[in-house]
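Nothing in this text is a laboratory measurement; each read-out follows from the coordinates by a stated rule. Being a predicted model, the structure only gives us computed values, none of them experimental. Here the Cβ is made from the backbone with ideal geometry for all residues, glycine too, and neighbour counts use every protein chain on show.
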Amino acid sequence: MTPPVSRATNERASPEVKPVLDWFFWLAVLGVVALYVRAILFTPMDAMQGNAQKIYYVHIAAWLPAYFAIGVMALMSIVYLWLHDERADRLGEACAEVALVFLTVGLTTGAIWARVIWGAWWVWWEMRLTLALFLWFVVAGYLVMRGAIDEEHQRARYSAVLGVLSALLIPFIHLSVYLFQARIHPMPVALQPGKPKMSDEMLVTFLSSFVVFTVLAIAFVRGRYRLALLRERVQAQLEAGA
Amino acid sequence: MTPPGTLRAAWLVARKDLTIEFRTRTAFLSAVVFAVLALAIFYFTWDESIVTAADRAPGVLWVVLTFSALLGLQRSFGIEEHDRAIDALLISPISRESIYLGKAIGNLVFLCALQAVALPALIVFYNLHIASAILAVSGILFLAVLGIVAIGTLFSAMAVNTRLAELLLPMLSLPFFVPLLMCAAAATSRIISGAPASSARPYLNLLVAFDVVFVVACTLAFPYTLEE
């Protein structure tokens, strides 16, 4: 009866609705399982830090994908403002969500480790902590704003503007914390945050934790991107039906 | 009639906003009362025998100014939503950058006026002896307010067009105020405590750099926040 509508619906609904959780995602999960079996059972304990050191295999590994995802988010914001390509917006959104997850993991595991090793949950003058905390707020603000806008082009434009400004903000937060750090004290408490020398087994586990977490982050971004596509498709079908 | 240039148009927009504010005085009065009230309340949140009033004055000043600034910034684009006044601004023959600059100038005047009340109130309530440093402190205030206005005006324009409206403005802008507030508070406390002016230098450099980068970036970004 209304051919244009039904054709549009078919186009949106038709081919290549790829599953959100596919083989790549399960491969990443398998990698995480293998990593922790190795880290817990087959990697020696640190002589100084004891079991607390094992948190490195979550904590430090989480930072790499977190910062990488924020970088991609900022880059996609610039791409969107330039080309107005909705794929850039979707990828930016996916990266922001994944960055928030990994930043949360990094901050919480970091606080737990710091309580054991430095004797304090939080040390404001440690630059990396403070920078990560404010990045968390920036990314959270980005996602809350996205949730508060219904119109998709407006949402994409606003997100891109915020993404670009966030990229400009990062060096300023970094510099201002650096100024404070230089004033108060050089580095936190007695034990340095620097890595002790690692045995070969530990180093292999440590490096593979980076690989595994990066693969996991890519799997999350990939799944989240597909979820965004599916959502748009459902939205279009609802609008076509209404 | 030829359309006005960017700066002239910006001034017209600013004058319109300031005239509205001057005739109604609602935002300014509430911001002033809020600022003075907060200064008074903060006085009782520390133990006087542990931290002296002069030591906490810079921190109090910056917390109070940030939150009273948010009160003013929220109104900046909020008033354009009534009867869709923003549409009239958009169809007028002026560039979008000049709308942003005009709004920003209006906010700058608003916040400077607010400080002209808050700073003397701080000096009185906290018994500061800073007659010689008053110019330096005012200068720092101006640098920080410039950055707050650059960010806040843009985010105010964005926030009014979302479902969360006023709730979103603090959430978006406070992380951006962090470097400003850290540097401004550090520089103010150095000046007030009588340390040599050169010790405040790195903070002032960072403030100036922040202002330059974000005034330019926000002016360029503003057209993207309007409906096309």
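In this structure, the amide hydrogen of A:Asp46, modeled 1.01 Å from its nitrogen in the peptide plane, lies closer than 5 angstrom to those of A:Gln53, counting only residues at least 5 positions away or on a different chain.
Hey, what angle do you get for helix A:23-41 against the long axis of chain A, alpha-carbon based, 0 to 90 degrees rounded to 10? Roughly 10 degrees between the two axes.
Charge dipole (Cα centre; +1 on Lys/Arg Cβ, -1 on Asp/Glu Cβ; no other charges) of chain A amounts to roughly 320 debye. The local environment of B:Thr153, defined by Cβ-Cβ distances under 14 Å, has a net charge of -1 under the rule Lys, Arg +1 and Asp, Glu -1. For the protein assembly as shown, just say rounded, prolate or oblate: build the C-alpha gyration tensor, square-root its eigenvalues into a ≥ b ≥ c, call rounded for a/c under 1.5, and beyond that prolate if a/b exceeds b/c, oblate if not. Oblate. Mind running the shape call on segment A:13-150? Use the C-alpha gyration tensor, a ≥ b ≥ c as the square roots of the eigenvalues: rounded below 1.5 for a/c, prolate if a/b tops b/c, oblate otherwise. Because a/c hits 1.5 or more and a/b fails to exceed b/c, segment A:13-150 counts as oblate.
In chain A, the sites counted are chymotrypsin sites (Phe, Trp or Tyr not before Pro) in DSSP loop states with at most 15 other Cβ atoms within 10 Å, and the longest stretch holding none of them, exclusive of the sites, is A:125-242. Give the angle, between 0 and 90 degrees and rounded to the nearest 10, that separates the Cα long axis of helix A:56-83 from the longest principal axis of the Cα atoms of chain A. Around 40 degrees separate the two axes. A DSSP coil position with no more than 10 other Cβ atoms inside 10 Å describes the following chymotrypsin sites (Phe, Trp or Tyr not before Pro) in segment B:4-55: B:Phe44.
Projecting the Cα atoms of B:Val33, B:Ala157, B:Leu180 onto the charge dipole of the protein assembly as shown (Cβ charges, centred on the Cα centre) puts B:Leu180 farthest toward the positive pole. Taking only the Cα atoms of segment B:70-188, the radius of gyration and Dmax are 16.3, 52 Å.
How charged is the neighbourhood of B:Trp46? Take every other residue with its Cβ under 10 Å from the Cβ of B:Trp46, and add Lys/Arg as +1 and Asp/Glu as -1. Each step should come with its number before you reach the end.
On the way: positive: B:Arg56; negative: B:Asp47, B:Glu48, B:Asp55.
Neighbour charge sum, excluding B:Trp46 itself: -2.
Adding -39500 (n - 2.57) for every DSSP H run of four residues or longer, then dividing by how many residues chain A holds, sets the calculated 222 nm ellipticity at -27500 deg cm²/dmol. If you take the Cα centroid of segment B:29-108 and the Cα centroid of segment A:201-242, the two points sit 40 Å apart.
What's the longest bit of chain B with no exposed trypsin sites (Lys or Arg not before Pro), using DSSP loop states and at most 14 other Cβ atoms within 10 Å as the test?
On the way: sites that count: B:Arg25, B:Arg163.
Longest site-free region, per DSSP loop and neighbour criteria: B:26-162.
Simple point charges give the picture: +1 on the Cβ of Lys and Arg, -1 on the Cβ of Asp and Glu, and for chain B a dipole about the Cα centre of about 360 debye.
Counting only helical runs of four or more DSSP H residues, what would the 222 nm mean residue ellipticity of chain B come to if each run contributes -39,500 (n - 2.57) and the total is spread over all its residues?
Values: 8 runs with 175 residues, N = 228.
The per-residue figure over chain B is -27000 deg cm²/dmol.
Take each uninterrupted DSSP H stretch in chain B, measure its Cα extent along the helix axis, and return the ones at 15 Å or beyond whose mean Kyte-Doolittle hydropathy is at least 1.0. Display every interim value, and only then the final one.
Values: long enough: B:6-24 (27 Å, 0.05); B:26-43 (26 Å, 2.39); B:53-81 (42 Å, 0.69); B:96-125 (43 Å, 1.42); B:134-159 (35 Å, 2.41); B:168-192 (34 Å, 1.74); B:201-221 (30 Å, 1.65).
Result, helices passing both filters: B:26-43, B:96-125, B:134-159, B:168-192, B:201-221.
A cut-off under 11 angstrom between Cβ atoms defines the neighbours of A:Gly110, and their net charge, with Lys, Arg +1 and Asp, Glu -1, is +1. Sorted fewest first by neighbouring Cβ atoms within 10 angstrom, A:Ser159, B:Ser92 come out as B:Ser92, A:Ser159.
If I fit a long axis through the Cα atoms of helix A:200-241 and take the longest principal axis of the Cα atoms of chain A, what angle between them do I get, 0 to 90°, rounded to 10? Approximately 20 degrees, to the nearest ten. Across chain A, the longest piece that holds none of the GluC sites (Glu not before Pro) lying in DSSP loops with up to 15 other C-beta atoms within 10 Å covers A:17-150.
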